[in-house]
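Accompanying notes for the structure given below.
The values are calculated or read from the model by the stated rules, or taken from the named source; none is laboratory data. All of these numbers come straight from a predicted model, not from anything done at the bench. Every residue, glycine as well, gets a Cβ built from its backbone with ideal geometry; the counts of neighbours run over all protein chains shown.
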Amino acid sequence: MAVIDAIQAMQGELTAWRHDFHAHPELAFEEHRTSDLVADRLASFGLEVHRGVGRTGVVGTLRRGSSGRRVGLRADMDALPIEEGNSFDHRSRTPGKMHACGHDGHTTMLLGAARYLAEHGNFDGTIQFIFQPAEEAAGGARVMLRDGLFQRFPVDSVFAMHNWPGLPAGQIRSRPGPMWASFDMFDIDVHGIGSHGAMPHFGRDPVVAMSDLVGALQTVVSRNVDPLRPAVVSVTKVRAGDAYNVVPDSAYLGGGVRCFLPEVQQEIRKRMESLVEGVCKAYGARGQLNYRTAYPALVNDREQTEFAMGVAAEVVGPQNVGKARLLLASEDFAFMLEKVPGCYLLIGNGEERGGCMIHNSNYDFNDDILPVGTSFWVRLAESFLPASG
């Protein structure tokens, strides 16, 4: 791998930064300590620092030369509400919170790139280092955009990278077009007529209607969506009643919908509306659907993906670069890609150390890939903003 020598020499320092972030996890929009450290380090590198972008977000600006070209590099900072199961020295010191997705590593790699580029960078233009809060659940990217991210810190393209357990350490994957799915949430209230459990004929049982509806919702994808267009409808919450001898007045179910194409998204919602109305009516009950769009599908720009993968091949070698498979997971970097062309990439976290899947209480970011990811960011910025002469 063509890891930059000076960055490889920073391995110990990068690891110390990452361990410190890991030991002090903060949830969405609570990243006060994290953003303080990020801002202080960026300032010490000589960058122009902007705090409070999207509440706890930070943007560092580095300019060199006279070119009007601009590129954005994004890392996420927030942790998850998970009790850590690891016992190593840098384990979480905050009960019920941990960096179970590797955002500690993402933040560290982008900080390392900012330091190197400030000290040694050979580029002509402007780099915006975007440290985003609240990726996990609260849509921090959308909040930064609402706070004028790309109006205040304009870029021609924007890039982000996420570690991926199970992919060999340091390998890089991406794909043009849709890569990660949209995410919608739904809540369904079923209203019936309560009764004594021994005399259900005096009521209209919402539990039976709800149970039938759970099964019917599984036909939305299997019988209404083209099998070659991936989608999933998952019922993840069910609630009804409080007593053994009382048929309740109402029941509730909720869940999520994921797909890649807007037309599939619209068809799923339309079919769900029809099923909620029809199934509930058949049981003499009344259904109410609350359907909310959370994250759009993440769609990579073809040109920028080809560019980023070319840079990746230079850093890790062509044999370690490949096409990512479609994933029904979601990522709020999709909001940024709706505004500016760019690319989202995966970097292998390894198959052993830290090899369990993200969002697992025993997960850990692989420190061995810190110089790889940092070198990639440096080469991408320098390639996007080539210095003349």
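Quick notes on this one:
- Hey, Arg91 modelled with pLDDT of 95 or more, surrounded by fewer than 24 Cβ atoms within 10 Å (Cβ to Cβ), touching a helix residue (DSSP H, G or I) at 6+ places or on another chain (Cβ under 8 Å) and of a type outside the set (Val, Ile, Thr) or not: yes
- Matching entry among Phe153, Phe159, Phe183 (being touching a strand residue (DSSP E or B) at 6+ places or on another chain (Cβ under 9 Å), aromatic (Phe, Trp, Tyr) and farther than 30 Å from Arg69 by Cα): Phe183
- Any chance Asp104 is assigned by TED's automatic domain parsing to the domain that holds Ser330, touching a residue at least 60 places away in the same chain (Cβ under 8 Å), of a type in the set (D, E, K, R) and assigned to a helix (DSSP H, G or I): yes
- Selected residue (only one of Gly96, Gly60 is assigned to a loop (DSSP other than H, G, I, E, B) and not charged (D, E, K, R)): Gly96
- Among the residues making up segment 63-88, a single one is part of a loop (DSSP other than H, G, I, E, B), in contact (Cβ under 8 Å) with a residue 60 or more places away in the chain, buried (at least 17 other Cβ atoms within 10 Å of the Cβ) and touching a Leu at 6+ places or on another chain (Cβ under 9 Å): Asp78.
- Candidate set from segment 337-380 (those that are polar (S, T, N, Q) and under 20 Å from Ala312 (Cβ atoms)); member that is surrounded by the most Cβ atoms within 10 Å (Cβ to Cβ): Asn349
- The residue of segment 4-45 that is surrounded by the most Cβ atoms within 10 Å (Cβ to Cβ), among those that are touching a Ser or Thr at 6+ places or on another chain (Cβ under 6 Å) and closer than 13 Å to Gly112 by Cα, is Arg18.
- Residue satisfying all of: in segment 168-186; over 29 Å from Gly255 (Cα atoms) and aliphatic (A, V, I, L, M); modelled with the highest pLDDT among these: Ile172
- Scanning segment 124-137 for residues that are more than 10 Å from the chain's Cα centre (by Cα) and of a type in the set (Gly, Ala, Ser) turns up just one, Gly125.
- Here Val276 does not qualify as at negative phi, in contact (Cβ under 8 Å) with a residue 40 or more places away in the chain, over 19 Å from the mean Cα position of the chain (by Cα) and surrounded by fewer than 16 Cβ atoms within 10 Å (Cβ to Cβ).
- Options Arg146, Arg239: the member that is surrounded by fewer than 22 Cβ atoms within 10 Å (Cβ to Cβ), within 30 Å of Gly373 (Cα to Cα) and at pLDDT 95 or above: Arg146
- Conditions (1) crowded, with 17+ Cβ neighbours inside 10 Å; (2) within 30 Å of Val299 (Cα to Cα); (3) not β-branched (Val, Ile, Thr); number of the one not met by Met185: (1)
- The listed residue being in the same structural domain as Gly148 (by TED's automatic domain parsing) and without any contact (Cβ under 8 Å) to a residue 12 or more places away in the chain, out of Glu314, Glu352: Glu352
- Segment 287-308, residues that are aliphatic (A, V, I, L, M) and either under 16 Å from Val158 (Cβ atoms) or crowded, with 22+ Cβ neighbours inside 10 Å (or both): Ala297, Leu298, Val299, Ala308
- When the helices (runs of 4 or more DSSP H) confined to segment 4-56 are screened for residues that are of a type in the set (Val, Ile, Thr) and at pLDDT 95 or above, those reaching at least 2 such residues are found at 32-45.
- If you filter segment 217-233 down to residues that are among the hydrophobic types (A, V, I, L, M, F, W, C) and surrounded by fewer than 17 Cβ atoms within 10 Å (Cβ to Cβ), you find that the one that is modelled with the highest pLDDT is Val232.
- Residues within segment 309-326 that are out of contact with any Lys or Arg (no Cβ under 8 Å at 6 or more places or on another chain) and either among the aromatic types (Phe, Trp, Tyr) or buried (at least 18 other Cβ atoms within 10 Å of the Cβ) (or both), tallied: 4
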